[in-house]
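The values are calculated or read from the model by the stated rules, or taken from the named source; none is laboratory data. None of the values given here were measured: they were computed from a predicted structure. Here the Cβ is made from the backbone with ideal geometry for all residues, glycine too, and neighbour counts use every protein chain on show.
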Amino acid sequence: MRKFAVSHLRTFGDGKKSLELRIQQECVHLCNAFRAEKGPFNPMVTLNSAVSNIISCLIFGQRFDYRDEYYQRILRLDTECIQLMGSPRAQLYNVCPWLLEYLPGPHQTIFSNYKQITDFLRGEIIKHKENWDPSNPRDFIDNYLTEMEKKNSDPEAGFNIEGLVVTCLDLIEAGTETATTTLRWGLLFMMKFPEIQEKVQAEIDRVIRQSRQPCLADRVDMPYTEAVIHEMQRFGDVVPLGFPKKAVKDTKLGGFFIPKGTSITVNLSSVLHDPNEWETPNTFDPGHFMNENGQFRKRDAFLPFSAGKRACLGEQLARQVIFLFFTTLLQQFTVTKCPGEEPSLEGEIWFCSPP
Ligand code: HEM
């Protein structure tokens with residue numbers, strides 16, 4: 001499934017509308033929605049809808065209007081699931097499901113929400129099947145249906161409707177909340193550190209100006225903005241733990257013996273805040289990613305997407321979305337705190353990997 005999704009992501013964008021263009025078009029919708037707000041507002045729902053639309057284009061071949069009640073409901077249910085998964089009682093369910101299975105609690109809400117979300121996905125798949133043309137694939141679902149047909153004599157390959165439902169759900173969940181939360185942290189940092197926001201805007205004015213939209217080619221000419229975005233990801237630390245893996249054989253790693261069958265979870269947070277790697281790990285400072293000549297500097301300990309064979313498969317997509325959304329927003333808006341209020345940099349734990 002991973003290989004299949006990676007190859008789809010790679011070819012996505014070669015079609016009628018390139019991925020970059022789709023993200024730029026979504027930026028226009030996002031800015032219009034922000035502009036329509038009167039007075040202070042919480043950008044969370046609109047940002048989530050905009051990011052999710054990029055994943056929707058990939059999976060369903062279409063975006064959804066921010067006022068589409070049904071789709072908004074699906075997004076709300078999903079956000080609630082991710083939020084509840086971090087609650088102590090949902091974690092307890094993960095440890096002893098047999099004990100809590102029939103008792104009320106957040107795990108029941110999670111199951112009910114997922115039932116509604118997967119029903120929505122099944123409905124979209126049925127619609128796709130009605131006018132599916134294998135010679136003219138529109139999106140991930142069409143490509144998957146073709147693969148299902150190719151592999152129908154090999155049930156072990158796992159290409160079936162339920163596999164498609166779960167894969168769509170994985171892509172939506174992994175791709176939407178992560179990038180949205182990164183952007184929310186980004187806007188909060190800009191609010192908290194106006195001098196950094198001014199420097200990003202000065203770079204936007206120098207490289208892009210106001211007459212055109214930001215594009216991906218601008219990245220190389222914008223080392224300060226790149227440094228700010230990297231620091232947003234480091235300090236925002238939106239996926240503190242990787243997903244659990246199991247050792248397939250006895251292994252020695254860094255002087256430790258790991259017996260076959262041991263569950264291992266990578267603590268990405270410890271890398272992103274490692275005092276041996278970062279000059280001031282607990283301070284938001286884009287200088288972590290700049291060298292003395294004002295150029296962008298890569299850092300080995302920058303691992304928000306994890307590493308290895310099962311690292312994030314959406315890294316390239318996420319980086320494009322974050323760059324284009326962030327620069328477009330700061331080109332058109334200045335984020336400020338409400339008078340008399342001091343924004344807090346305290347985070348909340350939502351989704352947690354099962355132990
Ligand atoms: C800021 C945005 C994102 C961050 C910080 C992020 C981070 C991560 C991390 C840390 C992992 C776990 C890797 C591990 O366990 O070793 C992961 C896995 C994954 N991510 Fe992302 N991700 C982001 C965006 C996306 C997007 C946009 C997509 C999809 C289009 C995506 C799809 C996935 C998938 C499918 C996996 C599971 C990969 C596997 O198990 O083989 N992610 N991501």
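Number of residues in region 205-256 that are polar (S, T, N, Q) and within 26 Å of Thr280 (Cβ to Cβ): the value is 2. Identify the residue in region 66-106 that is surrounded by 17 or more Cβ atoms within 10 Å (Cβ to Cβ) and in a loop (DSSP other than H, G, I, E, B) and, among all such residues, is nearest to the chain's Cα centre (by Cα). Among those that are surrounded by 17 or more Cβ atoms within 10 Å (Cβ to Cβ) and in a loop (DSSP other than H, G, I, E, B), it is Met85. Determine if region 235-251 includes at least one residue that is among the basic types (Lys, Arg), touching a helix residue (DSSP H, G or I) at 6+ places or on another chain (Cβ under 6 Å) and within 16 Å of the ligand (Cβ to nearest atom). Checking region 235-251: not a single residue is among the basic types (Lys, Arg), touching a helix residue (DSSP H, G or I) at 6+ places or on another chain (Cβ under 6 Å) and within 16 Å of the ligand (Cβ to nearest atom). Filter region 316-334 for residues that are under 18 Å from Val220 (Cβ atoms) and surrounded by fewer than 16 Cβ atoms within 10 Å (Cβ to Cβ) and give the result. Once the filter is applied, which keeps residues that are under 18 Å from Val220 (Cβ atoms) and surrounded by fewer than 16 Cβ atoms within 10 Å (Cβ to Cβ), region 316-334 yields only Gln316. Close Cβ contacts (under 6 Å, 6 or more residues apart or on different chains) running from residues in region 46-72 that are over 18 Å from Arg184 (Cβ atoms) and away from the ligand (no atom under 15 Å from the Cβ) to residues that are at pLDDT 95 or above and part of a loop (DSSP other than H, G, I, E, B) comprise Tyr71/Phe64. Listed conditions (1) part of a loop (DSSP other than H, G, I, E, B); (2) hydroxyl-bearing (Ser, Thr, Tyr); (3) under 25 Å from the mean Cα position of the chain (by Cα) are all met by Ser112, apart from (1). The residues listed here are Ile126, Ile141; of these, the one that is within 21 Å of Tyr114 (Cβ to Cβ), in contact (Cβ under 8 Å) with a residue 60 or more places away in the chain and aliphatic (A, V, I, L, M) is Ile141. Specify the residue that is surrounded by the most Cβ atoms within 10 Å (Cβ to Cβ); the eligible residues are those in region 208-217 that are more than 15 Å from Leu21 (Cβ to Cβ) and in contact (Cβ under 8 Å) with a residue 24 or more places away in the chain. It comes out as Ile208. Within region 297-318, if we keep just the residues that are touching a residue at least 60 places away in the same chain (Cβ under 8 Å) and assigned to a helix (DSSP H, G or I), the residue that is farthest from Asn276 (Cα to Cα) turns out to be Leu317.
The rows are residues; the columns are (1) part of a loop (DSSP other than H, G, I, E, B); (2) charged (D, E, K, R); (3) more than 10 Å from the ligand (Cβ to nearest atom); (4) touching a helix residue (DSSP H, G or I) at 6+ places or on another chain (Cβ under 8 Å).
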site: Phe159; (1), (2), (3), (4): yes, no, yes, yes
site: Leu183; (1), (2), (3), (4): no, no, no, yes
site: Ile196; (1), (2), (3), (4): no, no, yes, yes
site: Ile204; (1), (2), (3), (4): no, no, yes, yes
site: Val228; (1), (2), (3), (4): no, no, yes, yes
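When Gly294, Gly261 are checked against the criterion of being exposed (fewer than 14 other Cβ atoms within 10 Å of the Cβ), away from the ligand (no atom under 16 Å from the Cβ), touching a residue at least 40 places away in the same chain (Cβ under 8 Å) and on the phi > 0 side of the Ramachandran plot, a single residue qualifies: Gly294. Residues in region 31-45 that are away from the ligand (no atom under 16 Å from the Cβ), assigned to a helix (DSSP H, G or I) and over 26 Å from Lys127 (Cβ atoms): Cys31, Asn32, Ala33, Phe34, Arg35.
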